[in-house]
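Here the structure comes first, spelled out in structure tokens, and everything after it is commentary.
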Amino acid sequence: MSRHEGALPAGFDEPVFAEPWQAEAFALTVALHGKGLFSWSEWAEALSAEVKKPGAASDGHDYYEHWLAALEKLLAAKGVAGKGEVDALAAAWERAAHATPHGKPILLENDPGA
């Protein structure tokens, strides 16, 4: 056995994120904190409020949906991006995704509504 085999507890060989957007939301949160947009205590409070809302999945499969909602609300509260701006940009990305051929990168320039 090499010195690295068996070093991680069971389950640590599985992906941390179920979908790429979850990793992107995580990275964006870390980057925005790094730029000083919010403190970790503000982030923890925002995320905690979202996770504790009624209707959260008991198995945690919706955790990153709560993560994203918390980030959107925190950015709105800080005056960085309002709900309308976030919703409009999300809709533009959705249209771009539907207009992009399978296997090609999704680019905002592909939004037919732009």
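FYI, it's all coordinate maths here, none of it is from the lab. Computed from a predicted structure; not experimentally measured. Because the Cβ atoms are built from the backbone with ideal geometry, glycine has one as well, and the counts that use them run over all protein chains shown.
Numbers below:
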quantity: Computed FRET value (nearest 0.05) for Asp13 with Ala114, which takes r as the C-beta separation and R₀ as 35 Å; calculated: 0.25
quantity: Where trypsin sites (Lys or Arg not before Pro) fall in DSSP loop in region 25-114, at most 12 other Cβ within 10 Å; calculated: Lys35, Lys52, Lys78
quantity: Candidates Glu14, Glu24, Glu50, ranked by Gaussian network fluctuation over the chain, Cα under 10 Å, top entry; calculated: Glu14
quantity: For region 85-97, 3J(HN,Hα) per residue [Karplus equation, 6.51 cos²θ - 1.76 cosθ + 1.60, θ = phi - 60°, Hz, x = Gly/Pro]; calculated: 5, 5, 4, 5, 5, 4, 5, 5, 5, 4, 4, 4, 4
quantity: For the chain, the spread of Cα positions along each principal axis, largest first, Å; calculated: 57, 38, 32
quantity: Under Karplus coefficients 6.51, -1.76 and 1.60, residue-wise ³J(HN,Hα) of region 100-114 in Hz, glycine/proline x; calculated: 8, x, 4, x, 9, x, 7, 10, 4, 5, 7, 5, x, x, 6
quantity: Convex hull per residue volume in Å³, alpha carbons only, for region 16-81; calculated: 87
quantity: Choice from Glu94, Glu42, Glu85 showing the highest fluctuation, given a GNM over the chain with Cα pairs closer than 10 Å; calculated: Glu94
quantity: Cβ-based exposure ranking for Phe17, Phe38, Phe26, Phe12, in which fewest neighbours within 10 Å come first; calculated: Phe12, Phe17, Phe26, Phe38
